[in-house]
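For reference, the structure discussed in these notes is given below.
The values are calculated or read from the model by the stated rules, or taken from the named source; none is laboratory data. What you are looking at is a predicted structure, and each value in this text was computed from that prediction instead of being measured. Neighbour counts are summed over all protein chains in view; Cβ atoms, including those assigned to glycine, are modelled from backbone coordinates with ideal geometry.
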Amino acid sequence: MLLERIIKEIKAKKELKNLDDGFVKARIKEYAKQNGLSLEGDFEKVKRAKWFKKMFKEIRKECRVVYGAFQDVKEQRSRVVYERIFNEVRGDVILDIGCGNAPLEYCSLYENKKYYLCEIDCGVITKLSDFMKKNKIKGRAFVFNAVDDNMDKLPKADTVLLLKVLESFELIKRDISYEILKKLKCRKIVVSFSKVALGGGVEIRKAGRAWFRRMLDRLGYKYTIGDIEKEIFFFIDK
């Protein structure tokens, strides 16, 4: 089937090989719908068309940008940062959306919690599942695409972490942060943004992210802000 072949080709790049198929499929179908394109036909013939080359290039670029945010936590946070985060955490059940490798750092520091860890990198989910089993950490790790999947299917938690991911979600669907925050079943939400704007180069001060502040005002949520090392944090009461 043409759609499956396109997904396979897009993921042929090493840095995209573990990307969830469902995420890539949603991007392709959305592009085709917006541009009135058919996803039927022989792949070998279709791939030579100008529209296909343009679509392929744009979707792969989009996947790189968004997926890069999930891998951004290769740069480890300090213990001071996690102490501040978990000082704000409410309850014993934590849901981390777009978690990346961060749980490998903080789960060992706060073993008395139950963790639900999700993102779109299948390889990371396997790693996290093995880590949780080996260290007898309560909860589970699972693949979840926050942009397209049903938020109502997420487990209920006391606190939800959205660390350096909302900005990349907004590249896919504008105002999706509003819908995500509104649908979350929790008492507390911890959101963070890198001090360097997505795309790099421009440092953002604590007073930045005006769009997100306006969003929180629309939702009527109370929040405090923390400027901690390389991130700006919003500690939100729901």
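Just a few scattered comments:
- The one condition in (1) on the phi < 0 side of the Ramachandran plot; (2) touching a helix residue (DSSP H, G or I) at 6+ places or on another chain (Cβ under 6 Å) that G98 fails to fulfil: (1)
- Any hit, the stretch 132-142, residues being in contact with a Ser or Thr (Cβ under 9 Å, 6 or more places away or on another chain), under 21 Å from Y82 (Cα atoms) and among the charged types (D, E, K, R): yes
- Every test in (1) in a loop (DSSP other than H, G, I, E, B); (2) at pLDDT 95 or above; (3) under 19 Å from V65 (Cα atoms); (4) not charged (D, E, K, R) is passed by G201 save one, and that test is (2).
- Filtering the stretch 163-190 to residues that are without any contact (Cβ under 8 Å) to a residue 60 or more places away in the chain and in a strand (DSSP E or B) leaves only I189.
- Taking the numbered list (1) at pLDDT below 95; (2) surrounded by 12 or more Cβ atoms within 10 Å (Cβ to Cβ); (3) touching a helix residue (DSSP H, G or I) at 6+ places or on another chain (Cβ under 8 Å); (4) farther than 24 Å from N18 by Cα in turn, F234 passes all entries but (1).
- Of all residues in the stretch 85-94 being within 17 Å of C107 (Cβ to Cβ) and not acidic (D, E), the one that is surrounded by the fewest Cβ atoms within 10 Å (Cβ to Cβ): N87
- Residue within the stretch 61-75 that is modelled with pLDDT of 85 or more and part of a helix (DSSP H, G or I) present: no
- Failed criterion for D227 (all others in (1) over 14 Å from the mean Cα position of the chain (by Cα); (2) modelled with pLDDT of 95 or more; (3) not in a helix (DSSP H, G or I) hold): (2)
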